[in-house]
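The structure appears right after this line, and notes come after that.
Throughout, read-outs are computed from the coordinates displayed, never taken from laboratory work. Keep in mind that this is a model prediction, so the values were computed, not measured. A quick note on method: Cβ atoms are made from the backbone with ideal geometry, for glycine too, and the neighbour counts reach across all protein chains shown.
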Amino acid sequence: MNNDTHLPFDLPGVARRKVTAAFEGGLISSDAGVTLLAQAERRLDLANKLACVIADPRGPTQISHTISDILRARMFAIAAG
């Protein structure tokens, strides 16, 4: 299947060479899935619920990231691959 889409403009040449663009990524994904995951996580409040059952022995004045922030980042990293 060939779904060529031509740009409505020409790309400028570089050092007298023609520049072309191809968007043949095959079966790839962008980070749109993470956006949907973030929406679902916010709705379910999953990271905060998990953080409530995990003890945090760190001093509150010495932390930059809460347990829920760390869990949320880890969940998204795992999901994003």
- Message: If I take R0 = 22 Å and measure r between the Cβ atoms of VAL53 and ALA77 in this structure, what FRET efficiency does the formula 1/(1 + (r/R0)^6) give, to the nearest 0.05?
- Response: 0.60
- Message: If I stretch the segment between THR66 and VAL14 completely, what's the gain in nm (0.36 nm per residue apart, minus their alpha carbon distance), one decimal?
- Response: 13.9 nm
